[in-house]
Amino acid sequence: MINNLLMGFGTALSPVNLILIISSVVLGLVSGAVPGMSGVMTVVLLVPITYGIGPVKAFLILTAVYSAAVYAGSISAIMFRTPGAPEAVVTSLDGYKMTQKGRMNEAISTAVFASATGGIVGTIILTFLAPQLAKWALNFSEAEYFSLAIFGLTLVSSLGSKNLVKAFITMCIGLLLATVGLDPVKMMPRFTFGISEFLGGIDLVPIILGTFAISEMLRQIRKGAKLSEMNSEAQYSGTLLPPFHFFVKFKKILSINSLLGTFIGILPGAGATTASLFGYSFAQRFSKNGKDFGTGVPEGVAAPEVANNAASAGAMIPLLSLGIPGSATTAVMLGAFILHGMQPGPLLFQQQPKLVYTIFAGLFIVNVFILLLNKGFVRVFTQIFKVPYTVVISIIILLCTIGAYANRTNVFDIWVMLIFGIIAYFLEEQDYPLAPIILGLVLGGIAEPSMRRALSMSYGSFTIFFTRPISATLLILSLILFIWSMYSAFKDYQITKNIKSEG
Amino acid sequence: MRTFKKEIIIALIIFFISIFLLFYVNTFDVNQSKGVGPAFWPRIIISFMLVLSLINLGSLFKKRDKIMEETEAYKEEKDIEEIKNNSKKFFISLIILSIYSMFLRTLGFILLTPLLLVSMFWNLGYRKKILAPVIAIVIVVLLAYIFPNYLNLLLPRGQSIFRKVSYIFY
């Protein structure tokens, strides 16, 4: 493993890759910090654009953007109380209060040092845990892959906890989309409706671009394509590296929340936002200043930032070792792997060790560059808001059309992207979560062929899924998770109903 | 904006599509004598979706008053004129994008994209007569140079004369 990791560092530290990492960190910082843009959307836009430059470079770029964006959401949250990303919402509680008290430098320094610590601890755990998990998963056969896909699908419940029924409906839409084209066993056309472009299936890229980027741009247009007023007078003059007393002061928060964040990140479906919420409320309980949280204390900035950055690294563990995407961004990453002709999971560690360990090394380097580039970035950040948002929206839409076209050089895919953008916009407007569409589309492509092949092995008997221990365990876990999420949703509904009737 | 009417329309569309697909899926198994055929997996998904859409419809009627309250509160909070104006921008953007997609194959990236950008800028409110076309042209030239040459991404060339023009750039 150490040799592989050294090889990974060797690849990631080559001059070209280093330049790519630095540019991607800057891009990630911009996309995370500017409200209305997001890390997910930037990763989505970059998936087709990076297709032509080879998998190693492509994944260095994607992971760098992803990690930098998770941190950068806190910058605008602290400076303007406008979180650049959902995971930074909690950071704004104390961060913005600190800015109001004239302690912006301290708040941003705390956020960046805490983020880097969380990111590095998360990456260390990722580097050591993911290969072990992948080794265990090497025993999987078709039945286990099917059960694993089903387990992944039940995690939709946590992606769409606000409305479970709607989350499962959008998941079904994704699963149905995965069945379009030739049937995997008998090569019979399904849901093609006489359109020859559908015979090869629906391409993942236009669906991802439409679902996440186009729908979001349409939403911004409907909102008036305006950014909130910003205070561009704020100036930042923090230090580049964390002082020693930072680690002493926050030792409890840094150690507990980085582990907690990574663990929450591993749980598919939980993600960085949940981690930041848990991290904040956890720290509130064990911190000496717990009662002052929300009034502008640095602990209230450090706690969510350690946790959400650790979670972003943790989320890569199930993706790389099992091929299960636990969040919208990792679902998009899974799509990127498929686009490059690879399937994340146990075999990835055997077939592509250079790629996997370069990703690990890249994540370490990214966290170092977040520290180094932060100071300069915050200084120029306020200038970004001078670019008219209408221009930004138009350019993003243009990049989406290029991305949709470029993969198969087919204008038909632009239409697919547009139609799915419109559908996703209207679905999201009525509170239908969108990430399950991608989860369904990606896992549907694994579930059905695995099921059909497993049934061929067992001469059509479904007992194969219950007689193999890992498969049976995964299916039982799926059932428990499904019932538990239904029960929780019902309980929440009852509580709301009771409050309403008492009120 | 979430409204009860839109909720019902979407839920009904999902419901009717599920019913249609449930019948349509039978055509996949015409040569299937026994065992799991091409229709098996889609049928499971569609049946699940049908059940979910029924539960969704039921819960919508239960939550009807709450959704209507939310809609009213939103309408009171927002300026109706602004909402209408933004809706106009929204639909014009969709028309611009549809026209762009329709003619891209024939006219190509180089000619059509500056028009797309300028019309989008104009529609969204950026109406500087000189700067807007200049920005659009600079972006198109940059993209036409970077994408094919450095990222190996092909851009639509168009047909006949437009195709010849595109060779100047990429």
Quiz item: So if we plug the beta-carbon distance of B:GLU82 and A:LEU347 into 1/(1 + (r/R0)^6) with R0 = 56 Å, what FRET efficiency do we get, rounded to 0.05?
Solution: 0.55
Practice problem: Sort the following peptides by mean Cβ neighbour count (other Cβ atoms within 10 Å, averaged over residues), highest first: A:116-122, A:283-289. | Solution: A:116-122, A:283-289
Practice problem: Give the shape of the protein assembly as shown as rounded, prolate or oblate, defined through the alpha-carbon gyration tensor: a ≥ b ≥ c are the square roots of its eigenvalues, a/c under 1.5 means rounded, and otherwise the shape is prolate if a/b is larger than b/c and oblate if not. | Solution: rounded
Quiz item: If each residue's Cβ is checked for other Cβ atoms within 10 Å, how do B:TRP41, A:TRP484, B:TRP122 rank with the fewest at the top?
Solution: A:TRP484, B:TRP122, B:TRP41
Quiz item: Taking other Cβ within 10 Å of each residue's Cβ, how do A:THR211, A:THR91 sort, fewest first?
Solution: A:THR211, A:THR91
Quiz item: If you line up the Cα atoms of the stretch B:4-77 on their principal axes, what length do they span on each, largest first, in Å?
Solution: 60, 15, 14
Quiz item: Which entries in the list B:LYS66/B:LYS89; A:LYS57/A:LYS166; A:LYS223/A:LYS291; A:LYS97/A:LYS251; A:LYS166/B:LYS5 go over 26 Å, if you measure between the two C-alpha atoms of each?
Solution: B:LYS66/B:LYS89; A:LYS57/A:LYS166; A:LYS223/A:LYS291
Self-check item: Computed helical MRE - 222 nm, the protein assembly as shown, DSSP H runs ≥ 4 contributing -39500 (n - 2.57), nearest 500
Solution: -25000 deg cm²/dmol
Quiz item: How do A:ARG219, A:ARG452 line up, fewest other C-beta atoms within 10 Å first?
Solution: A:ARG219, A:ARG452
Quiz prompt | Leading residue at positive end of dipole, the protein assembly as shown (Cβ point charges), from A:LEU347, A:ASN374, A:ILE2 | solution = A:ASN374
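Values quoted throughout were computed directly from the atomic coordinates according to the rules given, and no laboratory measurement underlies them. Because the structure is a prediction, the values reported are computed rather than measured. Every residue, glycine among them, receives a Cβ derived from its backbone with ideal geometry; neighbour counts consider all protein chains shown.
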